[in-house]
1. Would you mind checking region 143-166 for residues with the amide N under 16 Å from a putative spin-label position 7 Å along Cα→C-beta of L113?
2. Using a Förster radius of 35 Å, what is the FRET efficiency between Q63 and D214 based on their Cβ-Cβ separation? Nearest 0.05, please.
3. Using 1/(1 + (r/R0)^6) with R0 = 35 angstrom and r between the beta carbons of Y457 and Q386, what's the FRET efficiency to the nearest 0.05?
4. For region 381-422, what is the relative contact order in percent, using Cα pairs closer than 8 Å and at least 6 residues apart in sequence?
5. Taking the dipole about the Cα centre of the chain, with the C-beta of Lys and Arg at +1 and of Asp and Glu at -1, give me whichever of L228, A405, A345 is farthest to the positive side.
6. For N277 and T185 in the same chain, what is the full-extension length gain: residue separation times 0.36 nm, less their Cα-Cα distance, in nm?
7. Report the paramagnetic label zone for A196: residues of region 248-283 whose backbone N is under 19 Å from a point 7 Å from Cα along the Cα-to-Cβ axis.
8. What is the dipole size for the chain, taken about its Cα centre, with +1 at each Lys and Arg Cβ and -1 at each Asp and Glu Cβ, in debye to the nearest 20?
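The values are calculated or read from the model by the stated rules, or taken from the named source; none is laboratory data. Worth saying up front: this structure is predicted, and the values here are computed from it rather than measured. Cβ atoms come from the backbone with ideal geometry, glycine included; neighbour counts cover every protein chain shown. What goes into the accessible areas is simple: the full protein's heavy atoms, side chains included, and nothing from ligands, DNA or RNA. Shrake-Rupley method; radii C 1.70, N 1.55, O 1.52, S 1.80 Å.
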Amino acid sequence: MLGTPAAFASGYNFGTQSVTAQSTANANGAEANDASVIYGNPAGMSRLAGTQFSLIANVVLPQLEFKERGTTSNGLGLPVDSDNGGDPVKTTFVPHFYLTHRLSPRVVAGLGLYVPFGAKVEYDNGFAGRYYATKTAVEMLNINPSLSFKFDEHQSFGIGLVAQYAKGALARQVSAAQTMYGIGTELGLPAGTVQALAVGALGVEDLRFHIQGDSWGMGYNLGYFYELNPHTRFGLAYRSEIKQKLAGDAMLQNSAPLATYIASGPLAPYADAIFANFPTTAHGHLNVTTPQSVSLNACHELSARLALMGDVTWTGHSSLQHLTIEARPITTTYIKTDWDDTWKASVGASYAMTAAWKLRGGYMYDQSPVTDRTEVLPTLPDNDRQWLSLGTTWQMSNRSSIDMAYSYVFIQNQRIDRRYDDEGHPNSTAAGETETQGHVAGSFKSHLQIIGLQWNYAF
């Protein structure tokens with residue numbers, strides 16, 4: 001699957017699926033001038049003649065810096081050493097592909113392969129929030145066959161089926177001190193002994209909990225296109241939720257140092273029983289529902305050279321209220337998100353400098369689903385962002401064109417003050433139900449640069 005950096009649209013949306021769109025900060029949903037319209041609005045395929053394809057490559061250069069600004073604990077009130085987590089995001093290459101073919105004067109078929117969502121953040125093992133998470137990776141690929149139907153000279157309708165492949169991974173450190181506290185409690189040892197065991201394990205290397213899995217989900221998208229006249233058109237598009245149940249393997253890594261501590265310390269008489277009931281592998285799963293969205297867009301050609309366009313999109317991020325990672329008998333981890341629905345708005349323009357060259361640009365404001373620093377996820381430190389994009393289209397021939405774009409994404413600095421020993425798990429007292437423990441406080445500073453290249457060809 002595709003590797004992706006920290007998501008560069010709100011939530012974990014992968015921010016652009018078309019360089020034509022990127023160059024206008026995603027304002028061009030009603031422009032419909034190449035095969036990448038499949039993503040924005042499948043009804044717009046009705047404007048495309050013959051057979052066309054668009055091959056797209058994005059290079060994303062993210063920057064994310066965390067500064068620890070508070071005390072981190074392991075859930076026992078015991079301080080732990082911490083750092084800022086190193087360099088958690090990397091430069092990434094992501095491709096997309098679209099193909100359309102006119103079946104009749106009124107019907108056009110298309111196929112899109114693109115990345116709708118993606119995020120990958122991985123800190124080093126000394127990260128201040130390591131008992132919450134050191135790694136979150138979400139990678140998705142949509143396979144989107146579509147059809148558009150032209151009703152009359154003004155109206156078109158589009159429909160698409162979406163088969164979505166999802167792959168995810170999560171890792172966090174597990175405090176040896178907290179593990180010893182739990183073992184001592186389960187054995188029914190005196191409170192003073194349990195506390196002494198936990199304190200004595202402070203110098204023991206942490207365990208690492210890691211889970212990864214994948215799944216397929218199904219959804220759909222709809223589009224409506226209205227051409228008021230040859231120079232003005234509007235689009236309305238809907239994208240459905242997709243439910244994913246990622247299943248795979250979970251494991252506790254680096255358990256040898258703790259096992260040595262148990263076998264050679266005060267718990268040596270209990271060592272055989274502990275090891276017999278100390279699983280390090282399990283089957284796990286995580287349920288995720290990707291958000292639905294509705295977009296309204298417009299494009300108006302002021303002249304033969306200048307076109308203006310705009311887009312407003314609502315995204316139902318409130319579908320993600322919590323994450324529950326089931327990995328019995330190792331653990332069940334509950335993470336509260338409480339995300340809100342969001343809006344984004346963009347404006348853009350294109351100007352034909354010559355018959356072969358067109359200049360494009362745009363601006364977008366994109367809300368974050370996270371509204372409180374107590375709800376920020378350390379491995380997805382989202383906040384409101386603004387896009388500035390510039391691009392150009394080079395019409396090489398009647399059949400072939402190249403789109404190039406550069407975007408700079410300003411992300412508002414984010415504070416985190418998350419006491420995740422108080423997540424509010426509805427079953428936190430049930431057997432086998434545990435919450436990630438601890439507290440992380442600090443600030444995030446981030447921005448992104450995106451470079452895009454797209455080749456369009458018409459047969």
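1. 143-146, 162-166
2. Numbers: r = 29 Å, r/R0 = 0.82.
Here the calculated transfer efficiency is 0.75.
3. 0.55
4. On the way: 46 pairs, mean separation 18.4, N = 42.
Contact order relative to length: 44 percent.
5. Sorting the options by dipole projection puts first L228.
6. Contour length minus Cα-Cα distance gives 31.7 nm.
7. 261-271
8. 1320
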